[in-house]
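Written below as structure tokens is the structure these notes are about.
The values are calculated or read from the model by the stated rules, or taken from the named source; none is laboratory data. These numbers come from a predicted model, not from an experiment. Backbone-built Cβ (ideal geometry, glycine too); neighbour counts: all protein chains shown.
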């Protein structure tokens, strides 16, 4: 019975609604999941209640499906039951008051302090490229810049005396970001001694350059960073953005206020920055569970 009704629904979506074959196939896959669930609880599709459908949603989540996938399945079932009520095969739509699962943003991955230390020590700073790479990683972690902001840094945007870099972020917004003493010293050493050796009398307005005299590219730095991550034995899938996440997380863990971190990251909305407070709370929970005698 359920599979007959499902076939009728699929024909309706294909013929009456004129949906694309891929869309119809997606509806069919999602509804087959519901048919299988209905069979496990001994019901037909037309007999399912709101509680049954809530149970179906929970079963999908228990199988590890993302909120996006469960939301899509719920949408398919809503479309089906709407079809059933309009066709007068059902009097009430059991999905009418159901809430779509919220699509949570995954928590950003970040490096712990020990991993940052081994990564920073991976470049060999007795060569021009090693010194450049160390300076780039130091600045990225010390400032929380986006990689696109890092590679576009101009000579005029670094004040080594004050330990401040200015950058142009999203929407053309400029901001000032302080960098710590280790990063300032590494940048000073690179710009004074090693950068001229890389350029070999070429000229460039950019701070971080390649042997061709052109600025470092996003892809180029990504490859460099991944290579150093492998050398350092870091098993996490390393990316430039992970250093930005690490910068924000470590600041908040050490007591920085959210508004200051927002300003340094260049977020226009503080809700974007608030995701890092979730990381800190998770870390505090783990510390509590590990060390409190009655956790």
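Points worth noting:
- Annotation: of all residues in segment 193-214 being in contact with a helix residue (DSSP H, G or I) (Cβ under 7 Å, 6 or more places away or on another chain) and modelled with pLDDT under 95, the one that is nearest to residue 114 (Cα to Cα) is 211.
- From the list 53, 65, the lone residue that is outside the structural domain of residue 251 (by TED's automatic domain parsing), assigned to a loop (DSSP other than H, G, I, E, B), free of Cβ contacts under 8 Å to residues at least 60 places away in the same chain and buried (at least 17 other Cβ atoms within 10 Å of the Cβ) is 65.
- Matching entry among 88, 78 (being closer than 21 Å to residue 11 by Cα and surrounded by fewer than 17 Cβ atoms within 10 Å (Cβ to Cβ)): 88
- Scope segment 265-275; condition assigned to a helix (DSSP H, G or I) and surrounded by 13 or more Cβ atoms within 10 Å (Cβ to Cβ); matching residues: 265, 272, 273, 275
- Hits in segment 129-151 (condition: surrounded by fewer than 20 Cβ atoms within 10 Å (Cβ to Cβ) and over 12 Å from residue 243 (Cα atoms)): 129, 130, 148
- Test set (1) closer than 20 Å to residue 150 by Cβ; (2) surrounded by 18 or more Cβ atoms within 10 Å (Cβ to Cβ); (3) touching a residue at least 12 places away in the same chain (Cβ under 8 Å) - residue 262 fails condition number: (3)
- For segment 266-295, a residue qualifies if it is touching a helix residue (DSSP H, G or I) at 6+ places or on another chain (Cβ under 6 Å) and at pLDDT 70 or above, and the qualifying residues are 267, 270, 273, 276.
- Within segment 106-123, being in a loop (DSSP other than H, G, I, E, B) and under 24 Å from residue 167 (Cβ atoms) holds for 108, 109, 110, 111, 123.
- Check on residue 84, in a helix (DSSP H, G or I), in contact (Cβ under 8 Å) with a residue 24 or more places away in the chain and more than 37 Å from the chain's Cα centre (by Cα): yes
- Cβ separations smaller than 9 Å between residues 6+ apart or across chains give no pair from segment 212-232 residues that are touching a residue at least 12 places away in the same chain (Cβ under 8 Å) and not assigned by TED's automatic domain parsing to the domain that holds residue 151 to residues that are surrounded by 13 or more Cβ atoms within 10 Å (Cβ to Cβ) and outside any helix (DSSP H, G or I).
- Residue in segment 10-40 that is modelled with the highest pLDDT, counting only those that are farther than 17 Å from residue 84 by Cβ and outside any helix (DSSP H, G or I): 20
- A single entry from 175, 129, 134 fulfils the requirement of being farther than 30 Å from residue 71 by Cβ and in contact with a strand residue (DSSP E or B) (Cβ under 7 Å, 6 or more places away or on another chain): 175.
- Tally of residues being under 23 Å from residue 210 (Cα atoms) and exposed (fewer than 15 other Cβ atoms within 10 Å of the Cβ) across segment 167-181: 0
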